[in-house]
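First the structure, in the form of structure tokens, and then the observations on it.
The values are calculated or read from the model by the stated rules, or taken from the named source; none is laboratory data. Everything quoted here is computed from the prediction, not taken from an experiment. Here the Cβ positions follow ideal geometry from the backbone for every residue, glycine too, while neighbour counts run over all protein chains shown.
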Amino acid sequence: MLTVAVCESTEVWLIDGAVTIHSAVIFNSTKLGACISIKTCFNDRAHWAVWTDLEEGEQLVFYDDASCTGKSVATPTAPNGNINFFDQNVGMAGEVSAFKTWKEGMLDSPTKIVGFSTPEDTIDELLSVKPESLIANSECK
């Protein structure tokens, strides 16, 4: 039996650009374990991901395949944070095609878990910058 929980307050931003944010796509209330493909709207463009209000014990897992398979990297179990896919310790530069919310004990496991924490001021700074264009997450199918 598969149980799906909804994280009503979780917000995930995918952002392109290392310095200038050209565009971003925002997702709200991701379902635990549900694969969210960005192939049609933001494929291989994400430079950063920023998240807020993850439930206790949950992580985000980012995949190089749109069906949440293949090479992956998981964030720390922090309620708020960010990940730079171009960081050499992450190793997903220009490769992110999907993501999901994951929790220890789920059947599939990420291939790599990145263990670092992000200062709150970095998260606030990333979320305060207005992208040149905001892509509707409804474009992601």
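Some observations on this one:
- Taken over the range 48-69, the criterion of being touching a residue at least 40 places away in the same chain (Cβ under 8 Å) and more than 15 Å from W102 (Cβ to Cβ) is satisfied by W48, V50, T52, D53.
- From the list G115, G94, G70, the lone residue that is among the small types (G, A, S) and at pLDDT below 85 is G115.
- Of the residues making up the range 26-73, those that are aliphatic (A, V, I, L, M) and out of contact with any Lys or Arg (no Cβ under 9 Å at 6 or more places or on another chain) are I26, A46, A49, V50, L54.
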